[in-house]
1. Whether any residue in region 209-221 is surrounded by fewer than 22 Cβ atoms within 10 Å (Cβ to Cβ) and either part of a loop (DSSP other than H, G, I, E, B) or not assigned by TED's automatic domain parsing to the domain that holds residue 252 (or both) is what I want to check.
2. Does residue 37 qualify as being closer than 30 Å to residue 350 by Cβ, out of contact with any helix residue (DSSP H, G or I) (no Cβ under 6 Å at 6 or more places or on another chain) and not in a strand (DSSP E or B)?
3. Could you please find all residues in region 28-66 being over 15 Å from residue 333 (Cα atoms), touching a strand residue (DSSP E or B) at 6+ places or on another chain (Cβ under 7 Å) and without any contact (Cβ under 8 Å) to a residue 40 or more places away in the chain?
4. For region 250-292, which residues satisfy the criterion of being more than 19 Å from residue 47 (Cβ to Cβ), assigned to a loop (DSSP other than H, G, I, E, B) and touching a residue at least 24 places away in the same chain (Cβ under 8 Å)?
5. Just wondering, is there one or more residues in region 220-243 that are out of contact with any strand residue (DSSP E or B) (no Cβ under 6 Å at 6 or more places or on another chain) and at pLDDT 95 or above?
6. Within region 226-243, which residues are within 13 Å of residue 58 (Cα to Cα) and either in the same structural domain as residue 85 (by TED's automatic domain parsing) or in a helix (DSSP H, G or I) (or both)?
7. Please specify each residue of region 299-332 satisfying the condition of being part of a loop (DSSP other than H, G, I, E, B) and within 19 Å of the chain's Cα centre (by Cα).
């Protein structure tokens, strides 16, 4: 069995990016060659020259929703924080709640909107019995869910970025320029580096762009807690690969063209869609945990940010890139002072 400590590494705190660069494509790009072990240094804006004509770049078009909720318990005036997870057809929300004390079913939460004003009431209905800290709740509003969240919600930044406290510019910056399908509570961060100009430049060089959807969930950044990684239970995330996209990716593979996944979310989704050996259309949830000795079926290369220690994301990247090579790449990234995590720099593994 593989011990979790094998996926730890030292990182100076000042290398954790707190803000994105003014121009997304100016992020640094470490290029790692699996065949030769060579490590080179470029920028994301160099991608049109680094990739080949005929390559297919696959992006995740999920859209981050302003899911972080802030308010207070009306009975005690105690501070309350929550994360909107989903709603059903009857208007009942599922939220992850954080507060001091022990709220009871029937309690009301007064939400404070992004402008700092008191807004709607959220009434707690029942605890979710199988999940710690999760509640079913009903808002006292008939507004459409996304419209309501746009007003009362905040961008759910990971805690290592300014302790999770958003500034107004995060609404645009913590979102890819191609975000389309609402549902994620975290950004597919490798996609944050792309601009429309960069995407047009790649198309102009004969590089195809395909889109899939995987709604990044709360568990994506969670560290593995078990001593042996094989005992980790993977979170589930909803995804979709359309028939047209599956056909075009399969055709590219048959012609020997590279399928390049942008981000670990795309890797997990495409590999789920190829679980039977050939990439097929897929709609549903995936809990695929990619770890050694996994055999990749759907992708030829991947672009990804630099990930937290002891996470499933780091395990995935080292499984794909080669354990020793990616260990060395991370050591080089620290030495060269690359910027780490969601708003940081990126790595292209070829």
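The values are calculated or read from the model by the stated rules, or taken from the named source; none is laboratory data. The shown structure was predicted, so the numbers you read here are calculated from the model rather than taken from an experiment. Don't worry about glycine lacking a Cβ; one is built from the backbone with ideal geometry, like all the others, and counts go over all protein chains shown.
1. The answer is yes, given that some residue of region 209-221 is surrounded by fewer than 22 Cβ atoms within 10 Å (Cβ to Cβ) and either part of a loop (DSSP other than H, G, I, E, B) or not assigned by TED's automatic domain parsing to the domain that holds residue 252 (or both).
2. Details: closer than 30 Å to residue 350 by Cβ: yes; out of contact with any helix residue (DSSP H, G or I) (no Cβ under 6 Å at 6 or more places or on another chain): no; not in a strand (DSSP E or B): yes.
Answer is no for this residue.
3. 46
4. Across region 250-292, the qualifying residues are 255, 274, 278, 279, 280, 281, 287, 288, 289, 290, 291, 292.
5. The answer is yes; a qualifying residue exists.
6. Of everything in region 226-243, nothing turns out to be within 13 Å of residue 58 (Cα to Cα) and either in the same structural domain as residue 85 (by TED's automatic domain parsing) or in a helix (DSSP H, G or I) (or both).
7. First, pick out the residues of region 299-332 that are part of a loop (DSSP other than H, G, I, E, B): 299-300, 306-310, 322.
299, 306, 307, 308, 309, 310 - these are the residues of region 299-332 that are part of a loop (DSSP other than H, G, I, E, B) and within 19 Å of the chain's Cα centre (by Cα).
Each row is one residue, and each column tells you yes or no for (1) under 19 Å from the mean Cα position of the chain (by Cα); (2) free of Cβ contacts under 8 Å to residues at least 12 places away in the same chain.
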| site | (1), (2) |
| --- | --- |
| 141 | no, no |
| 154 | yes, no |
| 198 | no, no |
| 203 | no, yes |
| 207 | no, no |
| 219 | yes, no |
